[in-house]
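Step one of this worksheet: look at the structure below.
The values are calculated or read from the model by the stated rules, or taken from the named source; none is laboratory data. Quick caveat: nothing in here was measured; it's all calculated off a predicted structure. Ideal geometry is used to build each Cβ from the backbone, glycine not excepted, and the neighbour counts take in all protein chains shown. The area values use the complete protein model at the heavy-atom level, side chains included, leaving out ligands, DNA and RNA. Shrake-Rupley method; radii C 1.70, N 1.55, O 1.52, S 1.80 Å.
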Amino acid sequence: MSTTALVTTSRPAPPSGTVGSAVASRATWRTIRYVIAIFFVIIVLIPVYVLLVTSFKAPGDAAPTRAWALPQEWTLDNWKAAWTTLWPAILRSFQMVIPAAIVSSVLGSLNGFVLSRWSFRGANIVFAGILFGMFIPYQAVMIPLTQLMTGAGVPSGVPSLILLHVVYGIPITTLIFRNYYASVPHELVEAARVDGAGMLRTYWSVILPISIPSFVVVLIWQFTNAWNDFLFAVFFASSQNGPVTLALNNLANGAMLQNYGVSMAGALLASLPPLIVYILLGKYFVGGLMSGSVKG
Amino acid sequence: MNGVRKVWPPLLMLAPSLVVLAVFVYGLIAANFTTSITDNHTAAQATGQQPTSFVGLDNYVGLLATDDFQHSLMNLLLFTGVFLAGSMVMGFMWAWILERPARGEGLFRAVYLFPMAVSFVASGVVWRWLLNSNQGENASGLNRLFQMIGLDALQNNWWNNITFGIIAIAIPAIWQLSGYVMALFLAGFRGIPDELREAARMDGASEWQLYRYVLFPQLAPVALSALVIIGHMSLKSFDLIMSISKAANYQTKVPAVDMFVFKSSFDYANSAAVGTVLLVIVAVVIIPYLWWTNRKENTR
Amino acid sequence: MKRTRVLTTVAGVAAAGLALAGCSGGGGDGGGSEGGSGDEVEVFTWWAAGTEKAGLDALVEVFDEQHPDVEFVNGAVAGGAGSAAKDLLQSRLQAGDPPDTFQAHAGAELQDYIDAAQVEDVSDLYDEFGLTEAFPEDLLDRLTVDGAIYSVPANIHRANVVWANPGVLEESGLDPAAEYASIDEWIEAMEAVEATGKTPLSVATTWTQVNLLETVLLADLGAEGYEGLWSGETDWTGSDVTASLEHFETLMGFTNTDRDGLDWPDATQQIIDGQAAFNVMGDWAEASFAEAGFEAPADYVYFPVPGTEGVFDFLADSFTLPVGAPHPDGAKAWLETVGSADGQTAFNQAKGSIPARTDADTSEFGAYQQTAITSFAEDTIVSSLAHGAATPVAMLNQITDATSKFTTGASDLATYQEELAAAAGE
C-alpha cells in the first residue's frame, strides 16, 4: 500500500568517477541558484518598497515625483488611520473567506477526484462544462445576478459573499484538483478498488492523503481571490457589513483629493492576512508523498 | 481495463456543483445572451419604458466592424500573450530554483507569493507611478530608477503607446501572478514520486533527459492548469487596468473595459454582446485543450 | 489517525466560520428597516473620505438638528468620481432595490434615470421648501426637464478656472496678474513658458482633457454657441468648431507627456511644485492649494479660462428621490435639509464649493469661494460637459473615448470632429 511517510527529497549519488567535480559543480549550481533567487527577490520587492515608503509619508510628501525618496518626515498617522478604518472590515473578511475557501476546496477535491480517477463515460464533457464556468464575465451578468440573489433572499454582506465565492470557486478548484489527480498512477486507485473500497473510501484512504500540496495551492488561490475580490463586495455588501476591499476602497478612493500615504498603508495592511496564510500553508509544500506508491 | 463503472455515484457526488453552476453560470449566460440580441441600448428600454425588440446578431456585427473594438481585441491578444509567457517563465523558473531543498526556501516562497496578496484596488496607484511615461529630466517611476542605477537606455513610454502600450500593463499582472504559478509548479514537482527520478538516473539519464522524459510529462497537467488560470485572469483583467490607466484611455482598452463603459452608458445590449464575445473567444481556445486532454488520457 | 485529526480541525474551523458568518449576517445587514422609534434614510453617495466626507458629515449634523426623528444611514461607495457607485446604483435600480436617495450630478446626467422612470419629479418639493425663490433663475432653467425638476442641488462648482504659479510665470517674463482676452493671447503666453523648459499647461487623464476641451469650446464659441452644441443648434461639423478644436490641439501640444497616467491632483501638484505654469480644473482644486498651505495671490493665482470671462461653467452635486424608495418621508426630509440655507452653508463650507441658494450665509467662506459666489450671481451660467450637466452619460462616454483617441494620436482632427459630431448627433 502507499506509504504516508513524509520523506524529503534528496539527490541520489552521481556516477562514482566524477565525485570531485560533481561536488564542485553542485556547489556552484547552488550559489547560482541563490544569486538568481535573490536577484528576483529584489525585483519583486521594488513596488513593495514604494508602497512601504509612501505609507510613512505625510500628505504633501506622498507624491509620484517623490516615489523613490525616503520620507522627509516619518509618520505613523497613515497606519493608525488605516488600522482604525480597516480592522472591523478585516474581521468580516475572515468570516467570509475562511468558510468559502474551505468549502470550495473540498468540493473541488471531490469533483476533481471523481472526474479523473473514478471516472465514467462523458466525464470529460462534464469537466468541460464545469471549467467553462470559470470564464463567465462577471460584469456582463451582474444585473441578472443581482436579481437572482435578491430574489433568493440571501442576506447582503458575508452570507451572500460566501455563497458567491463558493459557487464561482468550484470551477477553478475542480480544475486544479482534477489536473493534479490526473498524474496519480491508476494503479493506486485500482489497488484500492480491488481491495473492495467504494468511491468515498478510496477518496478517504488513497486520494486525500496525497492531496496536501494541491490543497495548499487551492486554498492559497481561494483565500486570496475571496479576500481581494472587489466586484462582488460592491454589489452584494455595503461598507457596514462588507469585507476589507470595500473599506479599503472607501479609504483610498473616497475623496477627490487622494491621500496616497493612507492608501498605501491600507493596501499593505489588507495584504498581511493573505501573506500570513501563505506562510502558514507553505509548511505543507512537502515532497515525497507519493514515494513508494509505484511498485517496481 | 477500467471496467464498467457505475455512473451514478460519481454523478451524485458532482450533482450539487452541477446544479449550482447550471443556475449561476449557464442560467446567467443565457440571460446575458438574450440581452445581447435585443436593441436594448438605453435606460428607458431597460426598465420597460420603451420597447425592445430582437435584432439577431446585429449588435455583434456592429461591434466587430468598429475599429475601436478591433483595437480592444488586439490589445487583449497582446496582453494575454505577454502575460502568459511572462508568468509561465517566471513561475516555472522560481519553482525550479526552489524545488531542491534550500535554506531560506520559505522566505523566498513568501516573497514571491506576496504580490498576489496585494489588491490592485488600492495599490494600483503604485504601478501607475512606476509606469509613468516621462523620460529624461521629468522622469519618475521606473524610468527614474533606471536613471539612478545607470541603465538610462531602458527608459521607455511604458503603456503610453497606442499599439504596444498594453504590454506594459502585463508587467504588474506578471508580478502578481508568477508567484502563484510557482506554487502550482512546486506542488507539481513535489508530487512526483522519487522512484521515478531514481529509476531514470539508474538508467543513466542525464539531467536534461530526466527533465524532458520524466519531469515535464508529469508536470504537463499542472502547466495546463496554470495556463488556463492565467488565461482567465487575463480576460477578466479589469481592476488592474482601471486603477492604472482608467476606463477611457485608448492605449489600454480591452473588451472588459468596453463592457464596463457600455454598461455605464446604459447600453446593456452591447455590454452583453461584448461579454458573449469574450466567452466565445474562451470557448475557441478551451475546447481544443479539452479535446486534446481527452484524447491524451484515453490513450494512456 | 493524524489525518482524521487534521480533518476534524479543518471541519471545525469551517463550521465555526459558517456559524460566525451566520451571526454576523443576521445582525450586520446595514440597509434594512430595523424599526426603532423613527424613520430612516439611506443616502447613497460616493463621498467616503476627505473634504467630501467632511461636507457630508457637516450636512448630517444639520440634518440631525432639523429632523431628529429620522436616522441617517450612510450608503457611500467610493471610487473614481462615482464609477463603482454608479455601477452598483444601476443594478439596484434595475433590481427594484433603490436607496432612499442618491447623489447624481444635476442636469443631463439624470436623463437616463428620468427616461427609465426611476426618479420622481420633485417640483412640488421645490414649492414646499421655497427653493424656487432661493435658487437663481438660470439654475432652475438648467434643472428643469419638460417642466419637471428631478433633483435638489447641494452645491455648485465652477469648471472653467485656470490655476497658475506666479513664480513660473515671472521666470518666463510674464506678469502673474495679466489677463488674457482670448485663447490666442493665452497661447502666446504658453510659448513664453515653453521657452524656459517648464510645462506650460499641466493636464491629467482623459476626463480632465474633456474639461479642458469644454472650456476651449466655451471660449471660442461663446456661451450661446456652447450651449447650442448640446441643444443641437450649433453645428458640430462647422468651421468655428474646427477652429476651436485646432486651439484644443495646440493647447494639448503644450501639456505634459505623462498626462494619461496622472489623476487630477497630480496635475495640480505640478503647479504647486512649480513644474508647470497653468492648469485648468474645477474649483475643487482650491482644496489642494489650501492643503499645501498656499495663499493667493502670493503662491498661486486663479482666473477664468481666457475667453470665458463673465461665464460660469457650472456643475452641481444633487440628490434625488428614487421611485419606490423604501422610506420616502425620510428621503424628503433629507432633501429638505439639502436645500435649506443652513444645510447648504454647512456643507459647502466644509467641502469648498458654493451654495446653490442665493440667500445662504456665506460670510465665513474663503476668498476664492467669495469670488465664485459673486460670479455665480452675476455671470451667464452654462452647463459643464465633463461633469454631467450638459449631456447624458452615453454621449459623454463617447466624447471621452473620441478625445482619448485624439490626444493619444490615434485619430486626426478631422476624424475627431466627425466622431464628436456622431456622438452628439444621437
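Modelled spin labels at B:F33 and C:E185, positioned 7 Å past Cα toward Cβ, are 6.5 nm from each other. Of B:V214, B:V277, B:V222, the residue with the greatest mean-square motion in the GNM of chain B, using alpha carbon springs below 10 Å, is B:V214. Computed from Cα positions, the angle between helix C:206-231 and the longest principal axis of chain C comes to roughly 70 degrees. Sequence-ordered 3J(HN,Hα) estimates for region B:46-55 from the Karplus curve with 6.51, -1.76 and 1.60 and θ = phi - 60° stand at 4, 9, x, 6, 10, x, 10, 9, 7, 10 Hz, glycine and proline given as x.
Both numbers refer to the Cα atoms of the protein assembly as shown; Rg and Dmax are 30.3, 102 Å.
With every protein chain kept in place and ligands, DNA and RNA left out, what is the accessible area per residue of chain C? Probe 1.4 Å, answer in Å².
Values: 15130 Å² over 426 residues.
Ligands and nucleic acids excluded, the figure is 36 Å² per residue.
Computed from backbone phi, the HN-Hα couplings of region A:105-116 come to 5, 4, 4, x, 5, 4, 4, x, 4, 4, 7, 10 Hz, rounded to whole numbers (Karplus: 6.51 cos²θ - 1.76 cosθ + 1.60, θ = phi - 60°; Gly and Pro given as x).
The residues packed around B:A273, meaning those with a beta-carbon under 15 Å from its beta-carbon, carry a net charge of -4 if Lys and Arg are +1 and Asp and Glu are -1. Counting only heavy atoms of the protein chains and using a 1.4 Å probe, B:R128 has close to 10 Å² of accessible surface.
Do any GluC sites (Glu not before Pro) in region C:279-368 lie in a loop, going by DSSP, with at most 13 other beta-carbon atoms within 10 Å of their beta carbon, and if so which? Sparse-neighbourhood loop GluC sites (Glu not before Pro): C:E295, C:E364. Per residue of C:107-113, count partner chain C-beta atoms within 10 Å of its C-beta, then hand back the mean as an integer. Shielding by partners across C:107-113 averages 2.
For region A:25-66, the Kirkwood hydrodynamic radius comes to 12.5 Å, computed from all pairs of different C-alpha atoms.
In the assembled protein chains, A:K283 presents an accessible area of approximately 140 Å² (probe radius 1.4 Å). In this structure the amide hydrogen of B:F238, modeled in the peptide plane, comes within under 5 Å of no amide hydrogen from residues 5 or more places off or on another chain. Each part reduced to its alpha carbon centroid, region A:102-128 and region A:69-88 end up 46 Å apart.
Beyond 21 Å, what share of the Cα-Cα pairs of region B:143-300 remains, rounded to the nearest whole percent? The answer is 65 percent, as a whole percent.
Using a 1.4 Å probe, what is the accessible area per residue for region B:66-299, in Å²?
36
Please report the antiparallel percentage of the DSSP beta bridges confined to the protein assembly as shown, to the nearest 5.
On the way: 21 of 36 bridges.
Antiparallel bridges: around 60 percent, rounded to the nearest 5.
Just how far, in whole angstrom, is region C:274-294 from region A:44-58 if you go by their alpha carbon centroids? That distance is 26 Å.
Please give the FRET efficiency for C:E295 paired with A:A58, using the beta carbon to beta carbon distance and R0 = 35 Å, rounded to the nearest 0.05. Working shown, then result.
Values: r = 20 Å, r/R0 = 0.56.
E(calc), rounded to 0.05, equals 0.95.
How tilted is helix A:212-228 with respect to the longest principal axis of chain A? Cα atoms for both, answer in degrees (0 to 90, nearest 10). With rounding to tens, the tilt is 20 degrees. Relative to the Cα centre, the charge distribution of chain B, modelled as +1 at Lys and Arg Cβ and -1 at Asp and Glu Cβ, gives a dipole magnitude of about 700 debye.
Distance from a point 7 Å along Cα→Cβ of A:S25 to each backbone N in region B:180-202: keep the residues under 20 Å and list them by number. Flagged as within label range: B:197-202.
Extending 7 Å from Cα along the Cβ direction at A:R121 and again at C:D412 yields two label points whose distance is 6.5 nm. With 20 Å as the limit, the listed pairs A:K57/A:K80; B:K246/C:K86; C:K198/C:K405; B:K236/B:K263; B:K246/C:K405; A:K80/C:K351 have C:K198/C:K405; A:K80/C:K351 beyond it between alpha carbons. Computed over protein heavy atoms with a 1.4 Å probe, the accessible surface of chain A works out to 38 Å² per residue.
Once backbone amide H atoms are built at 1.01 Å from N, C:E40 has C:E71, C:G330 as its partners under 5 Å, excluding neighbours fewer than 5 places away on the same chain. Taking the Kirkwood radius as Rh and the Cα radius of gyration as Rg, chain C has a ratio of Rg/Rh equal to 1.04. Per residue of C:93-101, other chain Cβ atoms within 10 Å of the residue Cβ number 4 on average.
Projected over every direction and averaged, the convex hull enclosing the alpha-carbon atoms of region A:77-291 yields 14.3 nm². For C:I381, nonlocal amide neighbours, meaning residues 5 or more places apart or on other chains whose placed amide H falls under 5 Å from its own, are C:F312. Taking A:I210, A:I98, A:I125 as the candidate residues, the one with maximal mean-square fluctuation in a Gaussian network model of chain A, Cα springs under 10 Å, is A:I125.
Pairwise over distinct Cα atoms, reciprocal of the mean inverse distance: report the Kirkwood radius of chain B in Å, one decimal place.
On the way: mean 1/r = 0.0442 Å⁻¹.
After inverting the mean inverse Cα-Cα distance, the result is 22.6 Å.
With Cα atoms defining each centre, region C:89-141 and region B:29-75 are spaced 28 Å apart in the structure.
3J(HN,Hα) couplings calculated from phi for region C:290-304 with the Karplus curve 6.51 cos²θ - 1.76 cosθ + 1.60 (θ = phi - 60°) are, in sequence order, 4, 5, 7, x, 7, 10, 8, x, 5, 9, 8, 10, 9, 7, x Hz; Gly and Pro show x.
Residues of region C:334-375 falling in the label zone of C:D57, defined by backbone nitrogen less than 17 Å from a point 7 Å along Cα to beta-carbon, are C:346-353.
Per DSSP H run of at least 4 residues, take -39500 (n - 2.57); add these up for the protein assembly as shown, divide by its residues and hand me the 222 nm value, nearest 500 deg cm²/dmol. Before the final figure, lay out the partial values.
On the way: 43 runs with 615 residues, N = 1022.
Estimated from H runs of four or more residues: -19500 deg cm²/dmol.
Working from Cα pairs under 8 Å separated by at least six residues, relative contact order for region A:77-291 is 36 percent.
Would you mind putting B:16-25, C:315-324 in packing order, based on average other-beta-carbon counts within 10 Å, highest first?
Numbers: B:16-25: 17.0, C:315-324: 23.0.
Result, highest mean Cβ count within 10 Å first: C:315-324, B:16-25.
Taking Cα atoms only, the orientation of helix C:328-339 departs from the longest principal axis of chain C by about 30 degrees. Peptide C:142-155 is shielded by partner chain Cβ atoms: per residue, an average of 0 of them sit within 10 Å of its Cβ. With the highest mean first, a sort of the peptides A:100-106, A:52-58 on other beta-carbon atoms found within 10 angstrom per residue produces A:100-106, A:52-58.
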